[in-house]
1. Within the group B:Leu303, B:Leu317, which residue is touching a strand residue (DSSP E or B) at 6+ places or on another chain (Cβ under 7 Å), over 24 Å from B:Asn265 (Cα atoms) and either within 14 Å of chain A (Cβ to nearest Cβ) or surrounded by 24 or more Cβ atoms within 10 Å (Cβ to Cβ) (or both)?
2. Report, by residue number, each residue of segment A:106-116 that is buried (at least 20 other Cβ atoms within 10 Å of the Cβ) and assigned to a strand (DSSP E or B).
3. Which of the following residues is more than 12 Å from every other protein chain (Cβ to nearest Cβ), of a type in the set (A, V, I, L, M), assigned to a helix (DSSP H, G or I) and crowded, with 24+ Cβ neighbours inside 10 Å: B:Val118, B:Val85?
4. Any idea how many residues of segment A:467-500 are more than 30 Å from A:Gly318 (Cα to Cα) and of a type in the set (Ser, Thr, Tyr)?
5. Go through segment B:331-361 and report how many residues are within 14 Å of chain A (Cβ to nearest Cβ) and over 24 Å from B:Gln247 (Cα atoms).
6. What is the one condition in (1) surrounded by fewer than 23 Cβ atoms within 10 Å (Cβ to Cβ); (2) of a type in the set (Val, Ile, Thr); (3) closer than 15 Å to B:Leu397 by Cα that B:Thr333 does not satisfy?
7. If B:Ala427 passes every condition in (1) modelled with pLDDT of 95 or more; (2) within 14 Å of chain A (Cβ to nearest Cβ); (3) in contact with a strand residue (DSSP E or B) (Cβ under 8 Å, 6 or more places away or on another chain) but one, which one does it miss?
8. Would you point out which residue out of B:Glu128, B:Glu78 is within 14 Å of chain A (Cβ to nearest Cβ), touching a residue at least 40 places away in the same chain (Cβ under 8 Å), closer than 24 Å to B:Phe210 by Cβ and surrounded by 21 or more Cβ atoms within 10 Å (Cβ to Cβ)?
Amino acid sequence: MKLSRRALVGGAAGAAVLAGGGWAALRRRKPPGTLAGADLARGHRLAKGGFPAPTRFEETGVVIAGGGVAGLSAAWTLAEAGFDGFTLFELEDETGGNARAGRNAVSAYPLGAHYLPVANQDARALRHLLTRLGIIVGEKGGLPVYDPYQICADLEERLFHQGRWHEGLIPRNGIGAQDRADLAAFDAAVTAFAAHRGRDGRPAFTIPAAYSSRDPDLLVLDTISFGRWLDDREWHSPVLRAHLRYAMRDDYGTEPDHVSAWAGIHYFAGRRGWAADGAGDKVLTWPEGNARLARAMAARVPGRIRRGRIVHAVARDGDRMWIDSFDVAREETVRTTATAAILAMPHFVAARVAPGEVRADKAFTYAPWLVANITVDRLPTGKGAQLAWDNVSATSESLGYVVATHQGPDARTAGTVLSWYMPLSAVEPASGRRQLLERPIEDWQSIVEDDLLLMNPDLEGAIRSIDVWRWGHAMVRPTPGFIWGAAQRAAETRPPVFLAHSDLSGLSLFEEAHYHGTRAAEAAMRHLRHPFESLL
Amino acid sequence: MADAGRPRSTSSASAPAVALLASAFVVATCGLIYELLASTLASYLLGDSVTQFSTVIGAYLFAMGIGSWCSRYVRQNELRLFVRVELLIALIGGCSAAGLFLLFPVIDHFRVALYALVLAIGFFVGLEIPLLMRILRDVEFREVVSSVLTFDYVGALAASLLFPLVLMPYLGMVRTGFLFGIANAAVALALLFVMRDAGRFRLEKLAAIFVLALLGAGFIASERLQRWAEVASYQEPVVYAVSSRFQRIVITRRGDDLRLYLNGNLQFSSRDEYRYHEALVQPALARVANPRSVLILGGGDGLAAREVLRHPGVQSLTLVDLDPDVTRLFSQTAMLTALNRGALTDPRMRVINADGFRWAREARTRYDAVIVDFPDPVDFSVGKLYTESFYRELKRLIAPGGIAAVQSTSPLVAPRAFWTVATTLEAAGLQIRPYHAYVPSFGEWGFILAANGPIAPSAPVLTGRFLDQATANRMFDFPPDMARRPAPVNRLDNQALVRLFDEEWSRYEA
């Protein structure tokens, strides 16, 4: 055996290559993924116009234009009252609007709205829906009993704060005396608001918002920003303000300085969940998020839904309406004549397709959002509190992620899908939308991946794909003066046109969309003299 | 020998000579340290330290012999080769402990890697010493052989004293490896600077710096590496370790004591598992008139199944365990099937790999006896298997006249957790009868019988190593320190049990 220099040099070089290779393998590879969102082409086509003249004609009793939660709630309410003569048009290929979902080999996952708080006692129609859907399963001591499988399983939420996970969303350790004082003062104030009733006897804040008091002393809160209201009280604690910023962005996609104080307080004082077994402060959730609810409502009216139909013109014809919708598959416009029309679409779209009925109003503004579904090979971990359903970082611009498999049916899973949320609230909505349009998928994936790995370095190497979903007009923004001004005015229409959308509450919540859908359906039935028992 | 004609004074040894002798010392020390590391690591991971030490030392010395013999074929550039070999030893030896730790769980033939490493290090060290002697002779030394050997043996003494007294207790194996790799490489680098015409060795200098940097990084990252190499956290030698899709499966053995750990939590010790499994299974089966069909939820080790199959009347046994890697392991490995007596491959047995919760929700069959043997409620996902919702599914799975037994943590260490399980079973509409048994490796352990009707206080039990009738009857007495106390209902949306379990056990372990 002869040991040559070459062999030794070769050995050393080999070791170096191996070491280098190992290093390269440790460096991140970009995961695959898709870029999708509310159908931009169809939306922009609608904005551009130029649809062909109608070549097909049909007739129906009531047209519901829009298959989001409001439109589906209207359809469901009509069906519940035994009214079958309606047709629902949906622009996209799938109904559900914000409450749509995706699915891959690992799990179903939400694309937008992903939970529903336990309903207030006031929300009669919603409780009726939940009972019919098997979500409220009984009664105990006069309180509704919710199906335990659909209440968010423990642990509900955790916060990444100072390098450690803590239960809940407000840091309790490592904060100063002023922080504690401001948190307590804010808590006391919203607790008082939650119990307060206006001079008209109605609760100061409730859900649906329409049931809230009209007491001018309360409505005046809608004229200033939430930030200003907090400043006036000298609650400057960064811990409190960070939490409130999280809350405002979470529910409204909007910064506290651009949210009305009424909406800000409503977030904390409007929820009084009514349920047995101490479940009143819980939320309902499913792997696919609120798509569970949207699909259940759609399943109630299977033959009445037309997907891939762009409603582009709605006009009055005597005491009837005609609705022109473009059939994407057949590339033709269909004119549907109806005795009533429920416009269950965002207000800016309704104003565009029915200019004679709905007045465009610049006061309606919309928050752009980014949602990413991250498929991972193993469950996230971390120091401190165990993995929760909702996982939030105190320092991130994102709102953190929810875990799709948290809600079962398996007790334990290997991989999961994390639904990661970020409203683009730091810039004007229009420039946020431009960012959504122009940034390539790789940029968004890097943003998502970096953010996730800051919270969960343990997921290094476990990310299998990042699917990015863009919402240009994710939610209406409850800016000062909007809820009790423009939104109220917009709700008033002349029969047989009825509006149904959470835009009319100024709060983009399932409960509000459901309320307005139910209300419009009942108004349409009243107009058509179809007997029904009001759920409102 | 060509230089023999120009000897110089040895009274003032030149810098190169000192450096070379220092090399001899360091090479010897490091070589022995690597050898000790490999032996210690092997006995730690594979057990049987006598075999490990003697085979590793034997292999090492043999490889040194080969290296020595091969050195005769080196005819020129001894210094360059010496430095290169020293750097290679630094690299291989320095990373050896960390590498073996990290490799252990991921490769099938650990011994092959172990001996390959020992042979490689031995070979290179064996090559070094004769080379060193020749270089020294070239430089200016007289008593070359005796000087080198002296330093070699002194180095060996230093290593063998340092290793057990200082290095193992203070640095640990992984860090020790890196530290001596660094020493190796540093000496090589120093040598390059001290020797004449050092300018010729630019490549070697670069390589030395690279190796130093690599080992330095390894030394700094030792802690993290050690965490990856979690075998370090077990008390007993690990004989099997694998990561399944769901959990970390580790089996350890010391003497006749075989232990299974899942995610670091002890599942059984072969010394006393019969106590646990007889107590879990026999009281339930004793209370069913003629148990034909039995369901085991969890218990992928097949030990509860072994107890069930002792009843000749049992016609079918269904075992639902999440992890196919666990059930495969316990149906194929000889030392494990000896323990469960081949229960998992018994013709009456049907093994289903599924999530227990999902399976129970979808199951429509009823069973005369259901044995619930899930891991302790250490986290929220396992905690789901102890909730009212789960027990409602369990209730549905119990045939008329049938019964269930639920392992329910320690009523002594975690009484509130134990009684939470009891309260929760009752909230799900089941009647209960709690009992407990002493299992040395777990401590005082609790179980609960649950049924859709009243449960007999006593029943004729199948006698085993642990249970006879008197013992079986005694298990149902609870002394005051374990007596029933108020406890909440454990619900999916409010997992009181996980919190109580954590609170009580961490207080106990603190």
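The values are calculated or read from the model by the stated rules, or taken from the named source; none is laboratory data. The model shown is predicted, which means the values in this text are computed figures rather than measured ones. Please note: Cβ atoms are built from the backbone with ideal geometry, for glycine as well, and neighbour counts cover all protein chains shown.
1. Result: B:Leu317 is the single residue among B:Leu303, B:Leu317 that is touching a strand residue (DSSP E or B) at 6+ places or on another chain (Cβ under 7 Å), over 24 Å from B:Asn265 (Cα atoms) and either within 14 Å of chain A (Cβ to nearest Cβ) or surrounded by 24 or more Cβ atoms within 10 Å (Cβ to Cβ) (or both).
2. Passing the criteria: A:Tyr109, A:Pro110, A:Leu116.
3. The unique qualifying residue is B:Val118.
4. Matching residues across segment A:467-500 total 1.
5. Number satisfying all stated conditions: 0.
6. For B:Thr333, the failing item is (3).
7. For B:Ala427, the exception is condition (3).
8. The conditions single out B:Glu128.
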